[in-house]
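A.B. asks: Please find one structure pasted underneath; my questions will follow.
Nothing in this text is a laboratory measurement; each read-out follows from the coordinates by a stated rule. Just so you know, these numbers come straight off a predicted model, no measurement behind them. Cβ sites come from the backbone with ideal geometry, for glycine too, and all protein chains shown count toward neighbours.
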Amino acid sequence: MTSMKSDVIDNFKSTLRGQLIQPNDPGYDEARKIWNAMIDRRPAMIVRCAGVADVMRSVAFARDHDILLAIRGGGHNIAGNALCDGGMVIDLSIMKSVRIDPDARRAYVEAGATLSDFDHEAQAFALATPLGINSTTGVAGLTLGGGFGWLSRKYGLTVDNLVSAELISNNAERLQLSATEHPDLFWAIRGGGGNFGVVTMFEFQLHPVGPEVFSGLIVFPFDQAKQVLTRYRDFANTMPDDLSVWAVLRQAPPLPFLPLEVHGKEVVVLAVFSTMKPDDALRAIEPVRAFGQPCGEHIGVSLYTAWQKAFDPLLTPGARNYWKSHNFTELNDGAIDTVIQYVGKLPSPQCEIFMGLIGGQANRMAPDATAYPHRNVLYAMNVHTRWIDPAEDDKCISWAREFFAAAAPYAAGSVYINFLTQDEGERIAEAYGKNYDRLVQMKNKYDPRNLFRQNQNIKPTV
């Protein structure tokens, strides 16, 4: 774009209702900041779209002038695909409308909305749909990759609750997608990422949840890790759908319910969530509390919106982040031993390994029902490496890669697409399994020129 005449850009700018930001404009550096501070890219222009018309005009302009195009929703993607060097960013972050129809139990959500925006509106009617675990995550990116969270065992994945979507195609046309309108493309966006267009609106099915739920943390000393994780593995196989327990291994933050001598020490944290009545939930988690001798716990009734923000302090923007991830259908002894070994040598106080428990309703769909294929996966394990000083890049990244390699023999050989970093393009086919060839066919049909390629890219073959 460096050779593009200024009058061409000015003419494009005049067609927008939103804001066009270029490198010499005030606010440019702020506009190109995203969650992962490792990503430092300099787009030639950032289009802050005010509505669908701006998106359509931006897609047409990028297509007609052969400009590298990136799409930003919440800007939370670990790989930094929300930005590109020298091209255009379609920034949807101010398109944050969330409209709830409580009678039909439907949510209509624009692509710039975050989980916090969604929950704020839906919980006014004690409604929710399965989303992630960090309130600053963008709804769009999470959904397009599949999406799972605390409610997934009871109500399925995020894409299992997607009723329809509005997409701007590579021809800058607005398409309505559903089970009856462009059903092949609707199938593809439910897990296929941003490969097929810019989704500007999502319609979700909602479920009665909250406003209060049963949730909290049970923390065990690290010297009990083998016993706790072994019992956790066995309990997960019999767990009811309306109970979810995730395991997190890290150094203990200074939580007020933990003794001072535990702060900064390696611990096993079991995060508990249930939509049961409190007395029923307490009975359901009694076996969990007996996995070992806890060094502290904080469990009880809380607002659903508060629990959705409980992990936000550990995931604030501005830090350097690098992930490696495996899916597991089971946690055998070798996997547990490997986790314990590497948690014993964390490279920074902010690093952690978590096991997100899925299963339940999320595993009852056929693998080819949506583009997201992993319907036999019980745990999505994420090695979340996080630090501040760039001088620690090599140490932290090496630790994550070493653990990833050591754990690979025990893993399922698949991965959740939203957990892939920018250097893992060779794992994209692995992320889609038997659905990959069909996704290539959809790419050939709907984006053969690969306009939408600043993502975990499914390359067309035509």
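A.B. asks: Restrict the search to the range 370-434; then list the GluC sites (Glu not before Pro) that DSSP places in a loop and that have at most 15 other Cβ atoms within 10 Å of their Cβ.
C.D. replies: none
A.B. asks: Any chance you could check the Cα centroid distance between the range 237-300 and the range 158-232 for me, in angstrom?
C.D. replies: Distance between centres, Cα-based: 25 Å.
A.B. asks: With θ set to phi - 60° and the Karplus curve 6.51 cos²θ - 1.76 cosθ + 1.60, what are the ³J(HN,Hα) couplings of the range 371-380 in order, to the nearest whole Hz, using x for Gly and Pro?
C.D. replies: Computed from phi, the couplings for the range 371-380 are 5, 5, x, 8, 8, 10, 7, 9, 10, 9 Hz.
A.B. asks: About its Cα centre, what dipole magnitude does the chain give when the only charges are +1 on Lys and Arg Cβ and -1 on Asp and Glu Cβ, stated in debye to the nearest 20?
C.D. replies: Charge dipole, the chain, about its Cα centre: 480 debye, nearest 20.
A.B. asks: How long, wide and thick is the range 212-419, going by the Cα atoms along their three principal axes, in whole angstroms, largest first?
C.D. replies: Largest to smallest, the principal-axis extents are 49, 48, 32 Å.
A.B. asks: Another question, if that's okay. Amide H to amide H, which residues 5 or more places from L151 or on other chains are under 5 Å from it, using H placed in the peptide plane?
C.D. replies: It is L131, by chain and number.
A.B. asks: Which whole-percent values make up P(r) of the chain when all C-alpha to C-alpha distances are grouped in 20 Å steps starting at zero?
C.D. replies: P(r) over the chain, rounded to whole percents: 25, 57, 17, 1.
A.B. asks: Continuing with the same structure: Which entries of K96/K309; K33/K459; K434/K459 show an alpha-carbon separation above 21 angstrom in the structure shown?
C.D. replies: From the list (K96/K309; K33/K459; K434/K459), the Cα-Cα distance tops 21 Å for K33/K459.
A.B. asks: Compute the FRET efficiency between I94 and Q293 as 1/(1 + (r/R0)^6), taking r as their Cβ-Cβ distance and R0 = 41 Å, and round to the nearest 0.05.
C.D. replies: 0.25
A.B. asks: For the chain, what is the calculated [θ] at 222 nm in deg cm²/dmol (nearest 500), taking -39500 (n - 2.57) for each run of four or more DSSP H residues and dividing by its residue count?
C.D. replies: Rounded to the nearest 500, it is -7000 deg cm²/dmol.
A.B. asks: Given Cα pairs under 8 Å that are at least 6 residues apart, what percent is the relative contact order of the range 1-87?
C.D. replies: Computed value for the range 1-87: 34 percent relative contact order.
A.B. asks: What are the trypsin sites (Lys or Arg not before Pro) within the range 318-350 that DSSP puts in a loop, where the Cβ has at most 13 other Cβ atoms within 10 Å?
C.D. replies: Those satisfying the criteria are K345.
A.B. asks: For the range 98-209, what does the alpha-carbon gyration tensor say about shape, rounded, prolate or oblate, given a ≥ b ≥ c as the root eigenvalues, a/c under 1.5 as rounded, and a/b over b/c as prolate?
C.D. replies: In terms of gyration-tensor shape, prolate.
A.B. asks: Between D368 and E173, what is the label-point separation in nm under the 7 Å Cα-to-beta-carbon projection?
C.D. replies: 2.7 nm
A.B. asks: Hey, what's the Cα Rg ratio for the range 14-91 versus the globular rule of thumb, 2.2 N^0.38 Å?
C.D. replies: 1.02
A.B. asks: Would you please give the FRET efficiency between R438 and D394, computed as 1/(1 + (r/R0)^6) with r the Cβ-Cβ distance and R0 = 41 Å, to the nearest 0.05?
C.D. replies: My answer for the efficiency is 0.55.
A.B. asks: Here is a follow-up. Compute the relative contact order of the chain as a whole-number percentage, counting only Cα pairs closer than 8 Å that sit 6 or more residues apart in sequence.
C.D. replies: 16 percent.
A.B. asks: Another one. For the range 333-462, what's the relative contact order in percent, using C-alpha pairs closer than 8 Å and at least 6 residues apart?
C.D. replies: Rounded, it is 22 percent for the range 333-462.
A.B. asks: Right, next: Among all the lysines, which ones have a C-alpha under 25 Å from K345's C-alpha, if same-chain residues fewer than 8 places away are not counted?
C.D. replies: K226, K265, K324, K395
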